[in-house]
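Have a look at the structure below before the remarks.
The values are calculated or read from the model by the stated rules, or taken from the named source; none is laboratory data. These numbers come from a predicted model, not from an experiment. Don't worry about glycine lacking a Cβ; one is built from the backbone with ideal geometry, like all the others, and counts go over all protein chains shown.
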Amino acid sequence: MSSNQPTEIQAELFRRHRATATTVAAILVAVVLLSVVARLGKGFFKQQQNPPLDIALRITILIFGFGSVALRRTRFSAMRLQDIAALQGASGLLQTLEKTTLQLALLGAVIAATGFVATLLTGNDFYTYGAGLVALAVLLYCYPLRNSWQRTVQQFAPETAE
């Protein structure tokens, strides 16, 4: 192993973390903006009752919310990360952290967008607010912390992290 590889890994960690954190933060802002648009547009929406849509939407949001927790726990399980580090090294481990975090963030964006579309269809802004809260919880749950990424690399790929 070259003596500058740890520096390369640290640089890659900072680069991937910064890009991922920026993307998740942008999606967080987008979720809040959807709620603001729903609030400002409340007078323009035509109120329509749609019980089947109501039930389907609530179930969908719950499944996506709990599914994101299950996905994160599965993808970040210790055995899986250990195998990835053994096969692909620290770079593969960082790629996995980035990819999974972005997938979870996109799942949060889908939750928020689903609620906003339901608001457009029914005129009930509760859908945007409820879905927005679930999306914010998912996004905050998946927000990448640099220290946890560093600990993960040190734990599962210690030969390149030192």
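Are any residues in the stretch 45-71 farther than 14 Å from Gly108 by Cβ and not aliphatic (A, V, I, L, M), and if so, which ones?
Matches in the stretch 45-71: Phe45, Lys46, Gln47, Gln48, Gln49, Asn50, Pro51, Pro52, Asp54, Arg58.
Going through the stretch 47-64 one residue at a time, which ones are loosely packed, with under 14 Cβ neighbours inside 10 Å and either aromatic (Phe, Trp, Tyr) or part of a helix (DSSP H, G or I) (or both)?
Those that are loosely packed, with under 14 Cβ neighbours inside 10 Å and either aromatic (Phe, Trp, Tyr) or part of a helix (DSSP H, G or I) (or both): Pro51, Pro52, Ile55, Ala56, Ile59, Leu62, Ile63.
What are the residues in the stretch 55-82 that are within 21 Å of His17 (Cα to Cα) and of a type outside the set (S, T, N, Q), if any?
Val69, Leu71, Arg72, Arg73, Arg75, Phe76, Ala78, Arg80, Leu81
For the subset of the stretch 34-81 comprising residues that are more than 21 Å from the chain's Cα centre (by Cα), under 19 Å from Ala131 (Cα atoms) and among the charged types (D, E, K, R), which member is modelled with the lowest pLDDT?
Within the stretch 34-81, the match that is modelled with the lowest pLDDT is Lys42.
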